[in-house]
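The values are calculated or read from the model by the stated rules, or taken from the named source; none is laboratory data. Just so it is clear, the structure is predicted and the values come from calculations on it, not from any experiment. Positions of Cβ are generated from backbone atoms using ideal geometry, with glycine treated the same way; all protein chains shown enter the neighbour counts.
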Amino acid sequence: MLELKDLCFQVPADGSGTKEIINNINLTLKDHTFTAITGPNGGGKSTLAKLIMGIERPTSGRILWNGTDITEMSITERANLGISFAFQQPVRFKGIRVKDLIRLSAGPDKKLSTASACDFLSKVGLCARDYINREVDASLSGGELKRIEIATIIARNTPLSVFDEPEAGIDLWSFNNLIKVFEELHETSTNSLIIISHQERILNIADEIVVIANGSVKAVGKKEEMLPELLSGTESCKFYQ
Amino acid sequence: MDEIQKTLLEQVAGLHEMPAGAYNIRANGASVSRNTTANIDIVTKTDKPGIDIVIKEGTKKESVHIPVVLSQSGLTEMVYNDFYVGDDCDVTIVAGCGIHNSGDQDSKHDGIHAFYIGKNSHVKYVEKHYGSGDGKGERIMNPQTIVELGENSFMEMETVQIKGVDSTKRSTEAKLSAGAKIVITERLMTHGNQTAESSFNVDLDGADSSANLISRAVARDNSRQIFLAKINGNNRCAGHSECDAIIMDNAKISAIPEITANDLDAALIHEAAIGKIAGDQIIKLMTLGLTEAEAEEQIVNGFLK
């Protein structure tokens with residue numbers, strides 16, 4: 001279970017003051033739950049995801065993971081406690097091959113075979129043979145990189161995975177597969193997923209939907225209750241104000 | 001050979017035992033072992049230290065190993081090795097130098113390798129440099145490579161210096177005839193107070209000749225590196241040089257690419273980039289459970305692979 005308590009994150013603003021990016025967020029995300037976080041651009045969604053992974057540190061408030069206070073823990077410590085993070089804009093590495101990255105993701109103890117690494121790539125719709133020995137560098141397109149990023153998260157298979165806009169930059173055909181990937185991840189394990197997304201079809205397969213705007217939780221609830229309101233034109237404005 | 005020399009040999013030539021094919025192993029200034037084949041002859045020079053390696057025309061799928069190891073502190077040597085490769089050959093040449101210096105005096109190996117390559121031949125040349133030992137004496141290597149490539153010949157040259165060489169000044173010069181091609185890949189890492197200077201001078205003299213110089217370098221601690229790449233396009237030709245360097249700690253790196261077109265149809269490109277390890281790269285690997293130091297190690301190892 002992930003608990004966010006009175007979470008705030010400020011950055012220095014122009015001049016002397018500060019700007020609130022995350023403003024007193026309180027949220028509890030239960031185990032084995034698929035939570036979609038949505039809301040307008042610039043509302044603080046990606047920052048919230050980074051706070052959970054430890055890439056950013058909150059100005060105040062606490063983050064508890066299965067009852068343990070992880071607020072002061074490093075990214076590495078959180079990763080080893082079972083939290084994963086898929087970047088919105090995946091990182092490129094000269095010289096590190098797709099195979100190497102998937103092996104690192106699976107963990108040093110697993111000594112992942114090439115065949116198993118290929119399975120993870122196939123799951124995200126990449127023809128493994130063509131990619132496994134390629135470098136994760138500028139020769140890969142944005143969409144390819146994005147799918148490899150998702151494959152690294154599947155390979156990690158941790159109790160909590162946070163995806164920051166996984167659909168961005170992915171073509172329509174792959175998007176259908178992506179939906180299947182998330183459905184399968186949710187159905188075949190007891191792991192929890194947090195997916196930041198603007199896509200109705202991703203919101204539609206979630207258990208819970210959280211709307212974040214202006215750094216605050218505007219609404220939270222079951223998908224069945226939330227989705228109709230979000231989709232009904234004028235109504236949705238109330239979350240976005 | 002003793003254990004230290006055997007370890008050096010393994011590092012520079014990947015050899016656990018005597019290699020197949022032709023070889024000449026030089027240890028502490030003297031040739032300790034040699035083998036020639038029907039197609040590859042190795043002859044000791046009479047006028048200066050070094051050997052002539054003569055490869056008959058039409059020699060295919062054969063290799064020559066000529067590693068050098070130095071384990072005696074204070075030894076300084078200058079060696080001239082000349083390679084005569086006939087027409088229509090396809091050979092692999094593995095050279096390399098390992099210095100173990102546990103004494104207080106400098107140990108130094110300077111080598112001049114000259115390649116005279118005939119027509120339509122393919123030569124793969126691999127050179128590794130390695131230093132070990134914790135003495136105050138420096139481990140110094142100054143390799144010089146001179147290449148003359150005949151018509152339609154192709155040379156692939158890989159040089160690696162990853163560890164333990166205190167000071168190196170390497171120079172590579174190549175002249176290419178019509179249709180000849182050279183691809184040079186350099187991997188260099190310096191640490192501590194090491195200095196490394198690597199310079200290339202390639203003359204694309206023949207029509208449709210081409211050159212590709214790729215350097216990947218990492219400088220850590222207080223080390224200093226200078227990379228100079230000159231390509232002269234003297235005919236219809238294609239030349240490309242690329243220096244990609246990671247700078248860490250208090251190191252300093254200079255990359256000085258130079259391209260000169262002396263012909264309207266010379267197409268020349270240079271690229272040079274120096275930067276520290278991107279913060280995003282470290283963060284990504286930390287989200288996979290690596291510590292910051294482990295992440296850096298993976299990034300550097302991958303970069304130099």
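Numbers below:
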read-out: Conditions (1) within 14 Å of another protein chain (Cβ to nearest Cβ); (2) crowded, with 19+ Cβ neighbours inside 10 Å; (3) of a type outside the set (D, E, K, R); number of the one not met by residue B:231; value: (1)
read-out: Selection from the range A:1-52 of residues that are surrounded by fewer than 17 Cβ atoms within 10 Å (Cβ to Cβ) and touching a Pro at 6+ places or on another chain (Cβ under 7 Å); value: A:8, A:18
read-out: Criterion violated by residue B:241 - all others in (1) in a strand (DSSP E or B); (2) of a type in the set (S, T, N, Q); (3) within 14 Å of chain A (Cβ to nearest Cβ) satisfied; value: (3)
read-out: Residue in the range B:119-126 that is part of a strand (DSSP E or B), aliphatic (A, V, I, L, M), out of contact with any Phe, Trp or Tyr (no Cβ under 9 Å at 6 or more places or on another chain) and surrounded by fewer than 24 Cβ atoms within 10 Å (Cβ to Cβ) present; value: yes
read-out: Test: residue A:56 is among the acidic types (Asp, Glu), closer than 27 Å to residue A:203 by Cα, within 18 Å of the chain's Cα centre (by Cα) and within 14 Å of chain B (Cβ to nearest Cβ); value: yes
read-out: Residue within the range B:273-284 that is surrounded by fewer than 19 Cβ atoms within 10 Å (Cβ to Cβ), more than 28 Å from the chain's Cα centre (by Cα) and closer than 30 Å to residue A:107 by Cβ present; value: yes
read-out: Test set (1) in a helix (DSSP H, G or I); (2) more than 7 Å from chain A (Cβ to nearest Cβ) - residue B:299 fails condition number; value: (2)
read-out: Check on residue B:10, under 19 Å from the mean Cα position of the chain (by Cα), of a type in the set (Asp, Glu) and modelled with pLDDT under 90; value: yes
read-out: Selected residue (only one of B:258, B:271, B:294 is within 11 Å of chain A (Cβ to nearest Cβ) and among the acidic types (Asp, Glu)); value: B:294
read-out: Answer residue from the range B:164-188, given it is among the hydrophobic types (A, V, I, L, M, F, W, C) and more than 11 Å from the chain's Cα centre (by Cα) and is farthest from residue B:138 (Cα to Cα) among those; value: B:178
read-out: Flag if residue B:152 is surrounded by fewer than 23 Cβ atoms within 10 Å (Cβ to Cβ), touching a Lys or Arg at 6+ places or on another chain (Cβ under 8 Å) and within 13 Å of residue B:97 (Cα to Cα); value: no
read-out: Every residue from the range B:189-217 that is of a type outside the set (Gly, Ala, Ser), part of a strand (DSSP E or B), away from chain A (no Cβ under 14 Å) and under 19 Å from the mean Cα position of the chain (by Cα); value: B:190, B:195, B:197, B:200, B:201, B:202, B:203, B:212, B:213
read-out: Unique match (being touching a strand residue (DSSP E or B) at 6+ places or on another chain (Cβ under 7 Å) and of a type outside the set (Ser, Thr, Tyr)) among A:150, A:179; value: A:150
read-out: Residue, nearest to the chain's Cα centre (by Cα), within the range A:83-101, restricted to residues that are in a helix (DSSP H, G or I) and within 10 Å of another protein chain (Cβ to nearest Cβ); value: A:101
read-out: Residue ID - farthest from residue B:232 (Cα to Cα), chosen from residues in the range B:274-284 that are more than 7 Å from chain A (Cβ to nearest Cβ) and either in contact with a helix residue (DSSP H, G or I) (Cβ under 8 Å, 6 or more places away or on another chain) or part of a helix (DSSP H, G or I) (or both); value: B:282
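This table checks each residue for (1) at pLDDT below 95; (2) closer than 23 Å to residue A:165 by Cβ; (3) within 14 Å of chain B (Cβ to nearest Cβ).
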{"residue": "A:3", "(1), (2), (3)": "no, no, no"}
{"residue": "A:6", "(1), (2), (3)": "no, no, no"}
{"residue": "A:15", "(1), (2), (3)": "yes, no, no"}
{"residue": "A:27", "(1), (2), (3)": "no, yes, no"}
{"residue": "A:31", "(1), (2), (3)": "yes, no, no"}
{"residue": "A:34", "(1), (2), (3)": "no, yes, no"}
{"residue": "A:50", "(1), (2), (3)": "no, yes, yes"}
{"residue": "A:65", "(1), (2), (3)": "no, yes, no"}
{"residue": "A:81", "(1), (2), (3)": "no, no, yes"}
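Yes or no, residue by residue, for (1) modelled with pLDDT of 95 or more; (2) in a strand (DSSP E or B):
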| site | (1), (2) |
| --- | --- |
| B:5 | no, no |
| B:18 | no, no |
| B:34 | no, yes |
| B:48 | no, no |
| B:52 | yes, yes |
| B:57 | yes, no |
| B:68 | no, yes |
